[in-house]
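Notes for the one structure printed next.
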Amino acid sequence: MKRKIVTTADGSKTIYLEDWDEHYHSKHGAVQEAYHVFIKNGLSLFDSGSISILEMGFGTGLNALITLMEVERTDLNIRYTGVEAYPISSKECGQLNYIAELKAKEFQSVFKKMHECPWEGDYRISNNFVLHKKQMNFLDIDAKALFDLVYFDAFGARVQPELWTETIFEKMFQALKKDGILVTYAAKGSVRRAMQSVGFIVERLPGPPGKREMLRARKP
């Protein structure tokens, strides 16, 4: 599928899939969306100790990068598992401007390392951040009570409705530990009901720029 790099409203880049008319991140601002959905309403709920994060849709690596940047200012230790069926190329990675937009030159080599490190193995990115990338389809996830936090960043239900079903959210429910949290940019009623049907306690929260609401779910 043809992909091209485009600029979102906050100046940060993302990837656009022309055939689907779908962006990897919000066209209203890739960095703003990532911080609002995954850091403010997800990671910030944890302030110390060791936590395990599952990202469904590793994509450009933006969510992993900003998570690492945030963790460097805390006492957290992170094991970060990123699932991606179709990894981006090194050329595409080189066209992303997250380091410049985040004013984070000290993380330039780290971001490159995130994309260049091997798939299917643990890789220590920093003293308190271990990355494990898995190239696989979301439907093949079969984890049991391994994760404290899920970043659910799949393509939208308009183009991949199969990724927003009870089947997928049952897998997420099983993958989370007790009191584990799932956050996503999505807010559709059908998504909320699918989450609730498998046992999640779901709340609507204010969304990032360009979206009225988002969802956060907890495994009781």
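Quick notes on this one:
- Among beta bridges identified by DSSP and lying wholly in the chain, the antiparallel ones come to about 45 percent.
- Given +1 at the Cβ of Lys and Arg, -1 at the Cβ of Asp and Glu and no other charges, the dipole of the chain around its Cα centre is 280 debye to the nearest 20.
- In units of the compact-protein estimate 2.2 N^0.38 Å, the range 101-204 shows a Cα radius of gyration of 1.24.
- Projecting the alpha carbon convex hull of the range 1-121 along each direction and taking the average yields 7.5 nm².
- Only Cα pairs under 8 Å and 6+ residues apart enter the sum, and on that basis the relative contact order of the range 10-132 stands at 25 percent.
- Rounded if a/c under 1.5, otherwise prolate or oblate - the chain, Cα gyration tensor axes: rounded
- In this structure the amide hydrogen of Ser50, modeled in the peptide plane, comes within under 5 Å of the amide hydrogens of Asn77, none closer than 5 places in sequence on its chain.
- The mean sequence separation of alpha-carbon pairs under 8 Å and at least six residues apart, normalised by the residue count of the chain, gives a relative contact order of 19 percent.
- Alpha-carbon geometry of the range 146-220: the Rg and the Dmax are 11.4, 33 Å, given in that order.
- Exposed loop sites here mean GluC sites (Glu not before Pro) with a DSSP loop assignment and at most 16 other beta-carbon atoms within 10 Å; the chain contains its longest site-free run at 121-220.
- Of the trypsin sites (Lys or Arg not before Pro) in the range 82-148, those whose Cβ has at most 13 other Cβ within 10 Å and which sit in DSSP loop: Lys103, Lys144
- For the chain, the solvent-accessible area of protein heavy atoms averages 46 Å² per residue (probe radius 1.4 Å; ligands and nucleic acids excluded).
- With the charge dipole of the chain set up from +1 on Lys and Arg Cβ and -1 on Asp and Glu Cβ about the Cα centre, the Cα lying farthest toward the positive end among the listed residues Thr67, Val191, Leu17 is that of Val191.
- Carbon and sulfur %, accessible surface of the range 1-123 computed with the full protein complex present, 1.4 Å: 47 percent
- Within the accessible area of the range 149-199 (1.4 Å probe), percent carbon and sulfur: 51 percent
- In terms of Cα atoms, the Rg and Dmax of the range 41-95 work out to 12.5, 36 Å.
- Cβ-Cβ FRET estimate between Lys144 and Thr7, R0 fixed at 41 Å, reported to 0.05: 0.50
The values are calculated or read from the model by the stated rules, or taken from the named source; none is laboratory data. Source: prediction; values computed, not measured. All Cβ positions, even for glycine, are placed from backbone atoms using ideal geometry, and neighbour counts span all protein chains on display. Note: areas computed on protein heavy atoms with side chains; ligands, DNA, RNA excluded. Shrake-Rupley method; radii C 1.70, N 1.55, O 1.52, S 1.80 Å.
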